[in-house]
1. I want to confirm something. Restricting to segment B:190-206 and keeping residues that are open to solvent by less than 20 Å² (accessible area, probe 1.4 Å) and not small (G, A, S), which single residue is nearest to the other protein chains (Cβ to nearest Cβ)?
2. Can you tell me which residues in segment B:161-175 are assigned to a helix (DSSP H, G or I) and either more than 10 Å from chain A (Cβ to nearest Cβ) or closer than 12 Å to B:T131 by Cβ (or both)?
3. All but one of (1) in a loop (DSSP other than H, G, I, E, B); (2) open to solvent by 20 Å² or more (accessible area, probe 1.4 Å) hold for B:E209; which doesn't?
4. Given the conditions (1) open to solvent by less than 40 Å² (accessible area, probe 1.4 Å); (2) over 26 Å from the mean Cα position of the chain (by Cα), report the number of the one that B:E163 does not fulfil.
5. Does B:A90 satisfy the criteria of being touching a His at 6+ places or on another chain (Cβ under 7 Å), within 13 Å of chain A (Cβ to nearest Cβ) and within 24 Å of B:R206 (Cβ to Cβ)?
6. Under 8 Å by Cβ, and 6 or more places apart or on different chains, what pairs join a residue from segment B:548-562 that is on the phi > 0 side of the Ramachandran plot with one that is among the hydrophobic types (A, V, I, L, M, F, W, C) and part of a helix (DSSP H, G or I)?
7. Quickly run through segment B:179-189 and pick out the residues that are open to solvent by 10 Å² or more (accessible area, probe 1.4 Å) and either more than 10 Å from chain A (Cβ to nearest Cβ) or free of Cβ contacts under 8 Å to residues at least 40 places away in the same chain (or both).
8. Exactly one of (1) in contact (Cβ under 8 Å) with a residue 12 or more places away in the chain; (2) more than 16 Å from the chain's Cα centre (by Cα); (3) open to solvent by 20 Å² or more (accessible area, probe 1.4 Å) is unmet by B:H328. Its number?
Amino acid sequence: MSSAEPKQPETERGALPDAPLAMPKQVLTSESQPVWRRFFGSRIVKAGS
Amino acid sequence: MALTSKDRGAFFPRALGLAFSALAAAGAFMLFLQFGWSDGLDAMDIVRALFILISTFWLAWGAMQAVLGLMSRALPPPLPPFQGLRSKTAILVPVYNEDPVTVYSRIAAMDASLKATGHAEHFHFAILSDTRKDDVAVQERLWFHRLLDECEGEGRMFYRRRESNKGRKAGNIEDFFQRSGGAYDFALILDADSLMEGDTIVEMARRMEAEPELGLLQTLPKVTRAKARFGRAMQFSASFHSPIFARGLAMMQGATGPFWGHNAIVRCRAFAESCGLPELPGKPPFGGHIMSHDYVEAALLARAGWLVRLDDDLEGSFEEGPENIVDHAKRDRRWCQGNLQHSKIVNAPGLRAWNRFVFVQGILSYISPLFWLGFIVASIFAPWFTPPVNYFPVEGWPFPIFPSDETWKAIGLAIGIFGLLFLPKLLVAADAITSGRAKEFGGAGLVFRSTLVELVFSSITAPIFMMFQTRSVLQVVFGADGGWPTNNRGDGTLPLSESWAGTWWIVLWGLVVLSATWFLAPSLVPWLLPIAIPMILAPFVVSWTSRASRTRLFLTPLDIQPAPVMLMQDRILASWQGTPRDPAPDLMAVPAQA
């Protein structure tokens, strides 16, 4: 038996109930730059200008 | 959803913890600078003082958790009188190449324990297999049918195996919610080695029903069934010290956690709405699936306005732990990668400030050994940076001025650091002896001896853990993905050859560091011996501590009186192991499901 084999019908005994619940993907990455990068970035720009 | 009342309660512990830790760190920093100043301040003194600053902060933070934990007692929340359950709870048992006989015996025991409460109809079991080994999967399915037959579990017990283990444990749980989460109010998330009393499970569901804003309720699992010296020391510590430390932690975390990934109940709707985990951009170890998902899920629930709480008054929650240092280090390697990965999430939008701080704490807990190591290495090389002593610093003054001896400050600093390490555990022991809690652990004398031996034990093993953690951090930083190795359970005895294979590199580093110190800074050798000797003896330490313990030391209440559900599992397991059944051909042909 291999997990790559074609899918076969699930056995009736012990099959999970069919009651889907949506699970939307959450946003974990920030659009804004980290505070330290903003801080040092502004200093670098000022020093260069 | 407003959930500020519990957070207001957390303000004092947080402020106290931060203030004490900052004060201790600043004091240690200043003391070390004064010590360095005595023979002329140089760059290496400042570097070492910074290492001391961070390390002391971390130690003091841990000590404060114990102090705060000792300042309160575990109490149940106020609840209305119990009039039966109205909800439906799925008990989720994720498995991954585990021995199905042992895992299912736990399920059968929990089922029997639930039936004894009279509320079993409110609970279903779902075995969520991510097993990759087909021979194990065959056994899982075979024994599942036996479980169904013996527990009369038709319609209450379910089994499914995923074709791909995408997202690992978090993905496995997510797959359940997407397939069946709508059928349940709550889901009790377990590990394969979890075991819980029926009364505890019913009480958790009751508390979830009573507090509609409660998104997640965590119990404090006790480590059980340890037999080896290392395992029993860990088990004692988890049973004796951890409840106090965990209470302190929970006081500080307030309504935002903690969640340790298992032996916790979640509100299905809250979890589904809030905890869909995306893949992080980039490749592992920092990108890809989120490994230490529990902290992230707690943070996401709190972000969505749900209460996340540890109720440490709940007994009857158990797990098993690694029996030897190498297995512990393997698990720790995974946790290390997971915690360092949180550096990509700490800046996530909308998170509560304390959850961000928890991520930072997790990262610090893994990189702190590097600071100690950095301090040691910097100390070995420090004499090369020390300027020659100037006995005539005042121009025109004819007499030599000798630098003041500040050695006492270094000794005082060392005593302070050891105090932060040892005092919390000694305070927990003193509290147990005065409060009568020590009786549950075999009496005051045995508790005192166990505490002292545990302190010696942890002092000897600490340098070995420091090296394992340092290696883990460096592997992750340099991009090595540790993957998801199967947990070794059961007897973990390691012969010397296996122990050597896992620790020879620590011996090598111990010899290198000691030799370098001998040549570069011989006066530091006595200070370094408590670290170098355990490193050089690591194979012996690891092998010796993996062998069965034969003393009464580290006795726990569960050794004296095992929980009923543990005894039930023993009986079921013995009966199953005594009567193995041959795999039926039709069951062997069942493939994994998508």
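The values are calculated or read from the model by the stated rules, or taken from the named source; none is laboratory data. The structure presented is a predicted model; accordingly, all values stated were derived computationally and were not measured. Note that we place each Cβ from the backbone using ideal geometry, even for glycine, and neighbour counts take in every protein chain shown. The area values use the complete protein model at the heavy-atom level, side chains included, leaving out ligands, DNA and RNA. Shrake-Rupley method; radii C 1.70, N 1.55, O 1.52, S 1.80 Å.
1. B:L190
2. Scanning segment B:161-175 gives B:R168, B:K169, B:A170, B:G171, B:N172.
3. Failing condition for B:E209: (1).
4. It fails just one condition, (1).
5. Taking the combined requirement at face value, the residue satisfies it.
6. If the second residue must be among the hydrophobic types (A, V, I, L, M, F, W, C) and part of a helix (DSSP H, G or I), the pairs left are B:F554/B:A233; B:F554/B:F236; B:F554/B:V453.
7. Selection gives B:R179, B:D185.
8. If we test B:H328 against (1) in contact (Cβ under 8 Å) with a residue 12 or more places away in the chain; (2) more than 16 Å from the chain's Cα centre (by Cα); (3) open to solvent by 20 Å² or more (accessible area, probe 1.4 Å), just (2) comes out false.
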